[in-house]
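K.L.:
Sharing a structure here in structure tokens format.
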Amino acid sequence: MITTNLFNSSDAKKITLSKGIFTVVEYERDLSVEPEKAEMAYFAAMMDVRKRQLIAQLDGTGGVITQKGSMQLMLGDLEARTDISSLGNLVKKFAAGKVTGESAVKPLYTGEGILVLEPTFKYIIIEDLEDWHGNLTIEDGMFLACQDTVDLKVAARTTVSSAVLGGEGLFNTSISGEGVVALESPVPRSELIEVNLEDDVLKIDGNMAIAWSTGLKFTVERTTPTLVGSMAAGEGLVNVYRGTGKVLIAPVQNNRGISNPKSK
């Protein structure tokens, strides 16, 4: 028998999210920081730069698939295995990992117990595929974990414009099935802009979409009928999503800040 304080709130940590088999623990303060780094750690925490951990509770009836190398603790009767059956299969998965930014091999944990993943400073968001009508495509490198009822595969761009000019990569990770999936987001869920489309159009200036319904048609188009007009408008090309589905959008592109209004 195992008992643990993993799910107990304290001066240092608290439970911020629970959905399905997953729970997110957030460390509000780093109490073990070195004295010379205390000031930086204090202000980092004030700006919500904190360690977060994903915990999965398995009851023996299902498993969890994780990003390679993310396991920190296994409590109880758990075992890990991969779906690598041959050298050719390994090469195929390695190639898929190279084009999507995800690890080539993702271990599957089964049994009865608690799986704890390594801490991350990114934000952990948990999405139920039922809210996405069973199909979701994510930005490269976002996958953290999912239930084993979820299918992961590499999806290629369907149009030349989206593949070459979209800024979202030539390939992305497509997630389908039933269950929940945990993602590492550059911003908290509360900052993400959620747009629901019903036979309509969404245009975004840049690759700020981090997740979208797989069924949406993605293209890259000019903002005006002519290229000269688009250049004159200062907008150029935009990423366009058409159809019925949902899109999650970060407020700014990765590594691109917002200019100070006084400098304009």
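K.L.:
Got a sec? Which of 67, 57 is buried (at least 17 other Cβ atoms within 10 Å of the Cβ) and in contact (Cβ under 8 Å) with a residue 60 or more places away in the chain?
P.N.:
Going through 67, 57 in turn, just one is buried (at least 17 other Cβ atoms within 10 Å of the Cβ) and in contact (Cβ under 8 Å) with a residue 60 or more places away in the chain: 67.
K.L.:
Those residues that are touching a residue at least 40 places away in the same chain (Cβ under 8 Å) and either among the aliphatic types (A, V, I, L, M) or surrounded by fewer than 17 Cβ atoms within 10 Å (Cβ to Cβ) (or both), I need them from the stretch 41-50; list them, please. Give the derivation first.
P.N.:
In the first step, residues of the stretch 41-50 are kept if they are touching a residue at least 40 places away in the same chain (Cβ under 8 Å); the result is 48-50.
Hits for the stretch 41-50 are 48, 49.
K.L.:
Take the stretch 4-26 and flag every residue that is within 15 Å of residue 52 (Cβ to Cβ) and among the acidic types (Asp, Glu).
P.N.:
Scanning the stretch 4-26 gives a single hit, 26.
K.L.:
Then there is this: Determine whether the stretch 231-240 contains at least one residue that is in a strand (DSSP E or B), of a type outside the set (A, V, I, L, M, F, W, C), farther than 27 Å from residue 118 by Cβ and at pLDDT 95 or above. Walk me through how you get there before you give the answer.
P.N.:
The initial filter retains those residues of the stretch 231-240 that are in a strand (DSSP E or B), namely 237-240.
Next, only the ones that are of a type outside the set (A, V, I, L, M, F, W, C) stay: 239.
Remaining after also requiring farther than 27 Å from residue 118 by Cβ: 239.
Next, only the ones that are at pLDDT 95 or above stay: none.
Looking for residues that are in a strand (DSSP E or B), of a type outside the set (A, V, I, L, M, F, W, C), farther than 27 Å from residue 118 by Cβ and at pLDDT 95 or above, one finds none in the stretch 231-240, hence no.
K.L.:
Taking residue 38 as the residue in question, decide whether it is surrounded by fewer than 17 Cβ atoms within 10 Å (Cβ to Cβ), touching a Pro at 6+ places or on another chain (Cβ under 8 Å) and outside any loop (DSSP other than H, G, I, E, B). Show your work before the answer.
P.N.:
Details: surrounded by fewer than 17 Cβ atoms within 10 Å (Cβ to Cβ): yes; touching a Pro at 6+ places or on another chain (Cβ under 8 Å): no; outside any loop (DSSP other than H, G, I, E, B): yes.
No: the conditions fail for residue 38.
K.L.:
I would also like to ask the following. Output the residues belonging to the stretch 204-230 that are at pLDDT 85 or above and under 30 Å from residue 121 (Cα atoms).
P.N.:
Passing the criteria: 204, 205, 208, 209, 210, 211, 212, 213, 214.
The values are calculated or read from the model by the stated rules, or taken from the named source; none is laboratory data. The model shown is predicted, which means the values in this text are computed figures rather than measured ones. Counting neighbours? That spans all protein chains shown, and the Cβs are built from the backbone with ideal geometry, glycine included.
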